[in-house]
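To start, the structure under review is shown below, and the notes come after it.
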There are 2 protein chains.
Amino acid sequence: MLDIVANDQVTALLDEFGAALEAGDIDRALACFQNDCYWRDLVTFTWNIRTVEGKDEIADMLRSQLGATRPRGWRVAEGEVATTDGGVATAWIEFETEAARGYGLVRIKNGRIWTLLTSMSELKGHEEPLGFGRPLGAKHGAGRNRPSWKEEREAEARELGYTRQPYVVIVGGGQGGIALGARLRQLGVPTIVLEKNDRAGDSWRKRYKSLCLHDPVWYDNLPYLPFPPNWPVFAPKDKIGDWLEMYTKVMELNYWTRTTCKSARYDEATGEWTVVVDRDGEQVVLRPKQLVLATGMSGKPNLPRFPGMDRFKGDQHHSSQHPGPDAYRGKRAVVIGSNNSAHDICAALLENDVDVTMVQRSPTHIVRSDTLMEVGLGALYSEKAVRSGMTTEKADLIFASLPYRILHEFQIPLYDRMREIDADFYAGLEKAGFRLDWGDDGSGLFMKYLRRGSGYYIDVGACQLIIDGQIKLAHGNVREITEDSVILEDGTELPADLIVYATGYGSMNGWAADLIGRDVADKVGKCWGLGSDTTKDPGPWVGEQRNMWKPTKQEGLWFHGGNLHQSRHYSQFLSLQLKARMEGIPTPVYGIPETHHLG
Amino acid sequence: MLDIVANDQVTALLDEFGAALEAGDIDRALACFQNDCYWRDLVTFTWNIRTVEGKDEIADMLRSQLGATRPRGWRVAEGEVATTDGGVATAWIEFETEAARGYGLVRIKNGRIWTLLTSMSELKGHEEPLGFGRPLGAKHGAGRNRPSWKEEREAEARELGYTRQPYVVIVGGGQGGIALGARLRQLGVPTIVLEKNDRAGDSWRKRYKSLCLHDPVWYDNLPYLPFPPNWPVFAPKDKIGDWLEMYTKVMELNYWTRTTCKSARYDEATGEWTVVVDRDGEQVVLRPKQLVLATGMSGKPNLPRFPGMDRFKGDQHHSSQHPGPDAYRGKRAVVIGSNNSAHDICAALLENDVDVTMVQRSPTHIVRSDTLMEVGLGALYSEKAVRSGMTTEKADLIFASLPYRILHEFQIPLYDRMREIDADFYAGLEKAGFRLDWGDDGSGLFMKYLRRGSGYYIDVGACQLIIDGQIKLAHGNVREITEDSVILEDGTELPADLIVYATGYGSMNGWAADLIGRDVADKVGKCWGLGSDTTKDPGPWVGEQRNMWKPTKQEGLWFHGGNLHQSRHYSQFLSLQLKARMEGIPTPVYGIPETHHLG
């Protein structure tokens, strides 16, 4: 509830905190925190995406960064009032640093800071031309031989990458590259986005026919231009493809289609990349200062190497290459894997009269879409949330404000509830032989996504087909492939005209290995994962998604990606980091973690 | 200011008004109005767009319509509180009729209704799938051989107009046809939009190079998908073209490009049109129930017939055909006319080193863009209005709520103020010989637009070029054209390599004459204008834009158009009228005026 008394307390604490920081008195600042405390910073203090945990880490960060940051003006954000709930006071806050304006969220227990989120809104003197600051468009007054908007756009398209070099090259024109491209455009950072397909959106269009987003519309908005109110909850892939295509045009991106990146090499001396690209048959050499790989955190297929794959006489392909069911009517399909793609593909095959067997190799986390929407996302991303005044921007910041170290504690009760709500459903799945999993600590889907980016299916119908026995189920690893079947480790033989390897994707730094070299890929290390020491997310703890949206151990190399939510939200911070570098604003980076895993 | 006491008074008055209407007691309902009163109805009571003025007209309308309308549930709208200002209480209201839900605005003086706006929000049982009702998109659960979204769209594109007939055909795919098409799509009314150009948006792209919108972005939003916050205040024509193209796709219109309507004939017996179209070389015969002409209220060029035009050796064309200045560098141009297009074209020619003379044939109303934005539109359509909570929907309704009979009284003081603010500017223009005009009654631009759709220029820079003498000025009507000059009535000869006829546009019913026949065009009569008995808007008074967005004297024939604001707002009411007819909902129309002018 809104709470004027709490508001005064928060204001007093922020005043004290601000005064301590302005005085450079770190001990005094630390006294504003309780012992159990977290500070997540999105590039305001650390020029990094970084959570410092506990007073010692906060002290270390401040010792390193406070002098250059010069924070000031801490206050409850304009138009906001603190709220209290269960002994925790929460407030939206505003502040400034030497370089930027910041926005954040603070949670206070017993008069001391428990969690603090600080995020950069804008760089001073480099505000985006939006709202009151939007461009005029028409050029009022007279000027001889003024080019029109169209002529200026055409000239830019002609020159950029040829007679004039972009500051940033983004490899990959999916949702990640597009969202980042839009923000950089707004910030006036000359950027080229490279996309291998014919049209923006093709990376969605080319996937299996039945694919729809598994995340709901409220979670999926791109920056600046939210979906209209008639947009479907779960958009079909081709519709999202069309949206991305129009967005790319409306946002005036320099978006090169039919273009593949062949190689990239960094010159440490000049601080410049040499990026060789094939643009629709023409070789073009680009020389940007910054290179962003936005090739998809699920972009590099993991194709397994099973004995006998070469002798298989039917069709076999990775799920990312699966064309849909049309060609397989009346045939027998074996789908290796039991996560999202496997379920979607099995259901679509079955609906088109294909005999389908799913091979479950390890337990899988299942949540029903409706239940997930209601219990898992409803408070932040739903029509109800929108009607009660929740904006995408606020939802993203609230989402970002829970430290990853303790996020699972908030998640576990939600999944306990889902398990209860859908008890019959889960019983049915288990009865059908499906092996269920809720994450190592029962924290469910979102933690799995953050930790390993795999291991789940958001059920939109395939589960019932498994419960009913229509999609057949087999278990275990694959021993070998024969001319016309899949043989499992226990000897089970599954006759097959089609094998789909729904076996997931590798780490994004694999792209760095392909384009730049193994040395750079290894220097940078694995992308994604928190170091939670759970399945497929080995420790040590790093507390943030490895290498994503922030400086890496390779100067000038950045990774951008994730789902639409992450592409939207984290593109804000990556774009500000790039803009600051272009403008020569000092960006002292705090705490790039050691590389622990090669990918 | 918000006013709880006023709110109680409004509620009491609405209760009384509602009770009187439910009792069918027209005298008692009339007692709720003051003598000086206006009721503007947007299709809830009248199935028409109609203002009844004074108690006698209100009584006549109620006697005709009350029985079928069965209004009820009058109340101050949810979440709203009445406000008072200068003795007038204003409140947003909600109500229902037998068929629909309504929203409106009431103004009360001395406890009695002064102005009442009633507008239809939605038809009961035919609500748009928006927000909570948006489509799911993904098809959860399993179904054999289910088509994907893309396959369904492709099937629709294949079938509609061939094996399945549209209910509505819209001739003209500019902003009007597109906005209406989007609303009809939302309402599930099968519709084909016919567009002669290659791409949606070409009607903007093909105009002169320097063209930008003269109305600001806040005034120009299309339904469902407002412009993003980085959209320019005055969008360049090609950018608007791109937006319309993407909107058409995102909104899933059945939009036939490279298609011209050759003829249309209505069969009164079957209530069906036979519309012959050329679709990219193929003749297709469409049989819709409803035909909408959305060919542009400024769509049918008025090309004057001056003696000697046939012997002119240079280039001559109507302003709508003007390609821009590039080919005329170093040449001499004469532009006949002194309204928006004339000014834009003169400025662009001058900026490209063309020798330009503007021929002013009659006084012209000039307002500076900045001043117009500030004084004329700022309260409803501006960044400031948005920040203070004004939505496009509310702004449109407030705009619609001032009866046209008295609108000039509200406008005159605004233009008096503009004249004062820009006194030096106007003095400069007059000194340069430019003849100024403020409308017959000094009510300025918007009334001119409503009355005659012409006679003004919103200054974005050309005026200074006239003040400075860079754009030369001549006066009077054209006597004749020679091989290489324009001769005015006073004998002045203006040498010319290029003549641009910026001579405006004819009435939209001219399109009906071309496509359907002169008899139908004459039966329907002139479109646009209020009958204000001012210049180019002959009486008698009809009180609404003639024939626009409402039933005409030709069954099944409708006119839609206007600027982006009108295309957006009135498409709501036209689409509801068409939907109601498709669903067989009774739509007793009140008060189609007599035809007074042939066009």
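The values are calculated or read from the model by the stated rules, or taken from the named source; none is laboratory data. Not measured: the values here are computed from a predicted model. When we count neighbours, we look across all protein chains shown, and the Cβ atoms used for this are built from the backbone with ideal geometry, even at glycine. Accessible surface is based on the protein model in full, side chains and every heavy atom, while ligands, DNA and RNA are left aside. Shrake-Rupley method; radii C 1.70, N 1.55, O 1.52, S 1.80 Å.
Points worth noting:
- Rounded to the nearest 20 debye, dipole of segment B:1-123 from Cβ charges on Lys, Arg, Asp, Glu: 160 debye
- Electrostatic dipole magnitude of the protein assembly as shown [Cβ: Lys, Arg +1; Asp, Glu -1; Cα centre; debye, to 20]: 1900 debye
- Fraction of beta bridges assigned by DSSP in chain B that are antiparallel (%, nearest 5): 55 percent
- With DNA, RNA and ligands ignored, accessible area of residue A:536 (1.4 Å probe; Å², nearest 10): 130 Å²
- Peptides A:44-52, B:228-236 ranked from most to least packed, by the mean per-residue count of other Cβ atoms within 10 Å: A:44-52, B:228-236.
- Qualifying aspartates and glutamates (Cα of each under 18 Å from Cα of residue B:431; at least 8 residues distant if same chain): B:420, B:422, B:459, B:468
- Placing a label point 7 Å from Cα along the Cα-to-Cβ direction at residue A:483 gives distances to the equivalent points in the other copies of 9.0 nm, listed shortest first.
- The two copies B and A are related by a rotation, and the chain B beta carbon nearest its axis, with distance in whole angstrom, is B:246, 2.
- Straight-line cross-link reach from residue A:239 at under 16 Å between alpha-carbon atoms covers these aspartates and glutamates, not counting any fewer than eight positions away in the same chain: A:202, A:215, A:220, B:151, B:152, B:154, B:156, B:245, B:252.
- Cα lying deepest toward the dipole's positive end in segment A:100-244, options A:235, A:178, A:221, charges on Cβ: A:221
- Beta bridge orientation in the protein assembly as shown: antiparallel %, DSSP, nearest 5: 55 percent
- 5 angstrom amide H check on residue B:358, placed H, neighbours 5+ away: B:335, B:472, B:473, B:474
- Among the residues of B:221-233, the average count of other protein chain beta-carbon atoms within 10 Å of the residue beta-carbon is 6.
- Accessible area (Å², per residue) of the protein assembly as shown, counting only protein heavy atoms and a probe of 1.4 Å: 38 Å²
- When both bridge partners sit in segment B:309-501, DSSP labels roughly 20% of those beta bridges antiparallel.
- Computed from the C-beta positions of residue B:56 and residue B:362, the FRET efficiency with R₀ = 41 Å rounds to 0.60.
- Note on chain A: with charges restricted to the Cβ of Lys and Arg (+1) and Asp and Glu (-1), its dipole about the Cα centre is near 1440 debye.
- For chain A, calculated [θ]222 nm from helices alone, where every DSSP H run of n ≥ 4 adds -39500 (n - 2.57): -9000 deg cm²/dmol
- Positive-end ranking of B:32, B:47, B:123 along the dipole of segment B:1-123, with charges on Cβ about the Cα centre, is headed by B:47.
- Among A:4, A:432, A:517 - extreme Cα towards positive end, dipole of chain A, charges at beta-carbon: A:517
- Per-residue mean of C-beta atoms belonging to partner chains within 10 Å, peptide A:245-255: 3
- Calculated on the alpha-carbon coordinates, the convex hull of segment A:42-134 measures out at 114 cubic angstrom per residue.
- ³J(HN,Hα) computed for each position of segment A:97-111 - Karplus, 6.51 cos²θ - 1.76 cosθ + 1.60, integer Hz, glycine/proline x: 10, 4, 9, 8, 9, x, 9, x, 9, 10, 10, 10, 10, 6, x
- FRET efficiency, residue A:536 to residue A:405 (Cβ-Cβ, R0 22 Å, nearest 0.05): 0.75
- Residue-by-residue Karplus 3J(HN,Hα) for segment A:222-231, coefficients 6.51, -1.76, 1.60, Hz, glycine and proline x: 8, x, 6, 10, x, 4, x, x, 9, 5
- 23 Å Cα-Cα threshold exceeded, pairs from B:289/B:553; B:124/B:550; A:124/A:526; B:196/B:249; A:300/A:553; B:196/B:579: A:124/A:526; B:196/B:579
- Angle in degrees between helix B:404-421 and the longest Cα principal axis of chain B, rounded to the nearest 10: 50 degrees
- In degrees, nearest ten, helix B:237-250 long axis to first principal axis of chain B (Cα): 30 degrees
- The angle between the Cα long axis of helix B:564-582 and the longest principal axis of the Cα atoms of chain B comes to about 40 degrees, rounded to the nearest 10.
- 3J(HN,Hα) along segment B:512-519, derived from phi through the Karplus expression 6.51 cos²θ - 1.76 cosθ + 1.60 where θ = phi - 60°, amounts to 4, 4, 5, 8, 10, x, 4, 4 Hz, with x in place of Gly and Pro.
- The H on the amide N of residue A:485, modeled in the peptide plane, is under 5 Å from the matching H of A:496, each at least 5 residues off or on a different chain.
- When B:81, B:277 are compared by accessible area at a 1.4 angstrom probe, the order from most to least is B:81, B:277.
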